[in-house]
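Structure record follows, encoded as structure tokens.
The values are calculated or read from the model by the stated rules, or taken from the named source; none is laboratory data. Because the structure is predicted, anything quoted here is derived from the model rather than measured. For neighbour counting, all protein chains shown are included, and Cβ atoms are generated from backbone atoms with ideal geometry for every residue, glycine included.
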Amino acid sequence: MEKIKKVIKRSGTIVNYKKQRIVNAIYRAAVAVGGRDKETSEKLADEVENILAKEYFGDSYPHIEEIQDIVEKVLIKNGHSRVAKAYILYRNENQQKRREKSKRNISQNIPWQKIWHILDWAANHKLLTISDINDRLHKNEFCKIVHESESAYEDQLDIAKELIAEKSDSLKLVFVSGPSSSGKTTSTIKLENRLNRIGLKFKAFNVDNYFYDLEEHPKDEFGDYDFETPQALDLDMINEHISRLIDGEKVKIPYYDFSTGARYLERTEFHLEKNEILLIDSLHGLYPSMSKNIDDKYKFKLYLEPLFQIKDSNNKFVRWTDIRLIRRMLRDAAFRAYNPQQTLEHWHYVRSSEIRHIIPYINQSDYIINTAMPYELPLYKAKLFNDFKKWQEIYKDDPLKQDAYQRAKRIAQLMEKIVAYPDESCIPKKSLIREFIGGSSYKY
């Protein structure tokens, strides 16, 4: 029996068929309900493939929706009703997101009160548009913009410190959460320095050590291991250990070796002293299952995001995700030997996980810190503008890289109108932006 070779995407584009994408989709659904049996996922995918081969041959290609229909039927037929439910829910969730995107609905996940405050600040400082920023640069006010931006950010850290201090009698756990490249690492250092001055101390609890063994990780649709999803973490063990630590017990935390993809259990003894607050700096700090067994009275949840309120030349607000993408490109290139183009190609994985597992919980935080610095934009123009123009051309006619093309095109158009400013000398050595461009006095 001849296997199918092509599939039709929702856009109508015809691409190569890969069975592994079906395997990964089934396994991810299984992981969502607590299963981690890759062998069964392979067998179920084989059955789906056999059905496809009978129904589609020659120049007859299945649509992606038709493949997903068959997956649902195979799961139910083989008695995997819970996995089928998770698969159906995930599929319906994506369909709803596509409908909402097409209708341009206003997101319910936007912290409007915070946004209005930032918008007012931008207007008062004449930083509401790209044109405003350019005007101030022409007046040689770059250093002044740096000072204003940094001061606004530091003021928010002061407020976060006060809120934590007010709750210190019962507080045992602080989550510093937010999507990739939102500035969590620097903000955590600065916040801890403030708390130290009032007799409180963070003790870092690294949830990366709770990753499952690599062979048990879910994969994305292209077969890459997905470290962005919370299901890659042993959430039950995290809850158990946090609960015991809050109760004053000692626990032995695991160690995860990223070089081998293996987790080693009960490696390091860990406990909390009286003046110590457990710190979890994690993408998924607000994800409910991360601390489902912990009473809210013990928790303080901090959320970070560069909540830019700046309009481009087309009167559209700069997208927060684009700023974080640029930040991660610079950080990956400077500190992780990772090519910026690879970061661009990978970003849709990151963004997909954010939309599903991080953004929906933003309004459940106790306080939100805006980490946007308007002076970032002229810096990034000097560093990456030519690259974005190049990537726009490279991906223009590649049907498999349309996400990268759209992002490159949008950012290139944004940067086109920005005045470049390559001089970093005004930026403080302890600035959050140094986390991404280098030159920080902090050790990361």
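Some observations on this one:
- Residue list for the stretch 52-71, filter: more than 27 Å from the chain's Cα centre (by Cα), part of a helix (DSSP H, G or I) and crowded, with 16+ Cβ neighbours inside 10 Å: Leu52, Ile67, Ile70, Val71
- Boolean, Ile294 is crowded, with 21+ Cβ neighbours inside 10 Å and touching a residue at least 40 places away in the same chain (Cβ under 8 Å): no
- Pairs are defined by a Cβ separation below 9 Å, a sequence spacing of at least 6 or placement on different chains, a first member in the stretch 255-282 that is over 21 Å from Phe300 (Cα atoms) and hydroxyl-bearing (Ser, Thr, Tyr), and a second member that is loosely packed, with under 12 Cβ neighbours inside 10 Å and modelled with pLDDT under 90; no pair meets this definition.
- Among the residues of the stretch 301-316, those that are within 20 Å of the chain's Cα centre (by Cα) and either charged (D, E, K, R) or outside any loop (DSSP other than H, G, I, E, B) (or both) comprise Lys301, Leu302, Tyr303, Leu304, Glu305.
- Scanning the stretch 77-87 for residues that are closer than 11 Å to Leu44 by Cβ and part of a helix (DSSP H, G or I) yields Lys77, Val83, Ala84, Tyr87.
- In the stretch 189-246, the residues that are assigned to a strand (DSSP E or B) and among the small types (Gly, Ala, Ser): Ala204
- Taken together, the criteria exclude Glu376 from residues that are surrounded by fewer than 19 Cβ atoms within 10 Å (Cβ to Cβ), acidic (Asp, Glu) and modelled with pLDDT of 95 or more.
- Taking the criterion of being surrounded by fewer than 21 Cβ atoms within 10 Å (Cβ to Cβ) and either in a helix (DSSP H, G or I) or over 19 Å from the mean Cα position of the chain (by Cα) (or both), the residues of the stretch 174-188 that qualify are Thr185, Thr188.
Yes/no per residue for (1) modelled with pLDDT under 85; (2) of a type in the set (S, T, N, Q); (3) farther than 30 Å from Cys143 by Cβ:
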| site | (1), (2), (3) |
| --- | --- |
| Tyr61 | yes, no, yes |
| Asn78 | no, yes, yes |
| Asn92 | yes, yes, yes |
| Lys97 | yes, no, yes |
| Ser102 | yes, yes, yes |
| Ser107 | yes, yes, yes |
| Ile115 | no, no, no |
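- Subset of the stretch 385-444 (residues that are among the charged types (D, E, K, R), under 23 Å from Val146 (Cα atoms) and part of a helix (DSSP H, G or I)): Glu416, Arg434, Glu435
- Options Glu273, Glu266, Glu240, Glu216; residue that is out of contact with any Gly (no Cβ under 9 Å at 6 or more places or on another chain), surrounded by 14 or more Cβ atoms within 10 Å (Cβ to Cβ) and not assigned by TED's automatic domain parsing to the domain that holds Ala45: Glu216
- Checking each residue in the stretch 394-440 for being crowded, with 19+ Cβ neighbours inside 10 Å and basic (Lys, Arg) picks out only Arg407.
- Residues of the stretch 334-350 satisfying the condition of being in a helix (DSSP H, G or I) and at pLDDT below 90: Ala334, Phe335, His346, His348, Tyr349, Val350
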